[in-house]
Amino acid sequence: MGATSPIARATARLYAQQGRPVCVAARKQQEAQRLADDLKVRHQVPTLAIAFDATDFDAHPGLVKEVSKALGPIGVALLAFGEMGQQEDSQESFESAHKVIDINYTGAVSICEALAAHMVKEGQGAIVGISSVAGDRGRASNYFYGSAKGAFTLYLQGLRNRLFKDNVHVVTVKLGFIDTRMTFGMETGIPIASPRSAAAAIVKAASRGTNTLYYPPFWAGIMGVIKSIPEGIFKRLSL
Ligand SMILES: NC(=O)c1ccc[n+]([C@@H]2O[C@H](COP(=O)([O-])OP(=O)(O)OC[C@H]3O[C@@H](n4cnc5c(N)ncnc54)[C@H](OP(=O)(O)O)[C@@H]3O)[C@@H](O)[C@H]2O)c1
């Protein structure tokens, strides 16, 4: 889901290369169809393109049913959608903040619950949720997006603990900087990883049953330091 993300595209390609049927779900139906057709031709696997809007909560249970009816039980579900929004816009209008929260948190929870119900029934499956290092500590510059991702991280943790006994695994992916639309034009001294390398790490984490993946991995160290800064000092920094 969020199949127009370069990270999602690269992940879909890796699963198709393994010979797995792939469903690509995206807000832009035409683009999803183009991606599905491309995977089908290149890798000779069954594919399905489906319209998916994270904020169309009522449609989520039906969407899961449609995918499993067409392609069989869902093995791995990747949630790759997200929207950073503009921090200034969210400070000025709650409508903008609400959208960021609905896409990154409420929508993610809604589709995860539909997936969880399906996977518990099947007694197998993995849900891979892409969260962010932005969810590890609230910062002045992006706390609407950060708090939605932080809530999603906590939600995934709880879901993982709930589904463990049902043989359903949940992976939390905390991404640092990846070269996508979201980071376009960003100036930073920290290396920006490719979507393809992120996809390879995601596929590996799902198959190994990793609980939490920081990618690139050095972000675990960066966030360890950032989280250890006392609040009295942190609030004086411009981060
Ligand atoms: N790039 C980074 O450095 C970075 C860092 C941390 C976390 N992340 C997370 O990584 C994931 C992938 O993002 P990306 O970096 O690949 O950025 P991206 O290219 O902007 O991809 C974001 C995806 O989310 C989709 N989306 C946005 N709102 C949606 C909605 N209401 N319903 C359905 N889909 C929606 C977009 O679809 P449209 O094409 O229709 O807009 C697009 O497919 C996101 O969860 C993001 O928060 C990225």
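The values are calculated or read from the model by the stated rules, or taken from the named source; none is laboratory data. These figures come from a predicted structure and were not determined experimentally. When we count neighbours, we look across all protein chains shown, and the Cβ atoms used for this are built from the backbone with ideal geometry, even at glycine. These area figures cover heavy atoms from the full protein model, side chains too; ligands, DNA and RNA do not enter into them. Shrake-Rupley method; radii C 1.70, N 1.55, O 1.52, S 1.80 Å.
Total residues in region 155-183 satisfying the condition of being open to solvent by 20 Å² or more (accessible area, probe 1.4 Å), of a type outside the set (S, T, Y) and either at pLDDT below 95 or part of a helix (DSSP H, G or I) (or both): the figure is 10. Does A140 satisfy being more than 15 Å from Y105 (Cα to Cα), small (G, A, S) and crowded, with 23+ Cβ neighbours inside 10 Å? It is false that A140 is more than 15 Å from Y105 (Cα to Cα), small (G, A, S) and crowded, with 23+ Cβ neighbours inside 10 Å.
Here is a check on your reading of the model: is A148 within 15 Å of the ligand (Cβ to nearest atom), under 24 Å from L115 (Cα atoms) and surrounded by 13 or more Cβ atoms within 10 Å (Cβ to Cβ)? Walk me through it before giving the result.
On the way: within 15 Å of the ligand (Cβ to nearest atom): yes; under 24 Å from L115 (Cα atoms): yes; surrounded by 13 or more Cβ atoms within 10 Å (Cβ to Cβ): yes.
Taking the combined requirement at face value, the residue satisfies it.
In the set E95, E83, only one residue is surrounded by fewer than 22 Cβ atoms within 10 Å (Cβ to Cβ), within 16 Å of the ligand (Cβ to nearest atom) and within 14 Å of the chain's Cα centre (by Cα); that residue is E83.
Checking D89 against (1) in a helix (DSSP H, G or I); (2) open to solvent by 10 Å² or more (accessible area, probe 1.4 Å); (3) within 13 Å of the ligand (Cβ to nearest atom), which test does it fail? Among (1) in a helix (DSSP H, G or I); (2) open to solvent by 10 Å² or more (accessible area, probe 1.4 Å); (3) within 13 Å of the ligand (Cβ to nearest atom), the lone unmet condition for D89 is (3). Can you confirm whether region 7-30 contains a residue that is assigned to a helix (DSSP H, G or I), within 9 Å of the ligand (Cβ to nearest atom), modelled with pLDDT of 95 or more and β-branched (V, I, T)? Scanning region 7-30, I find at least one residue that is assigned to a helix (DSSP H, G or I), within 9 Å of the ligand (Cβ to nearest atom), modelled with pLDDT of 95 or more and β-branched (V, I, T), so the answer is yes.
Scanning region 31-50 for residues that are part of a strand (DSSP E or B) and either away from the ligand (no atom under 16 Å from the Cβ) or closer than 17 Å to E83 by Cβ (or both) yields a count of 2.
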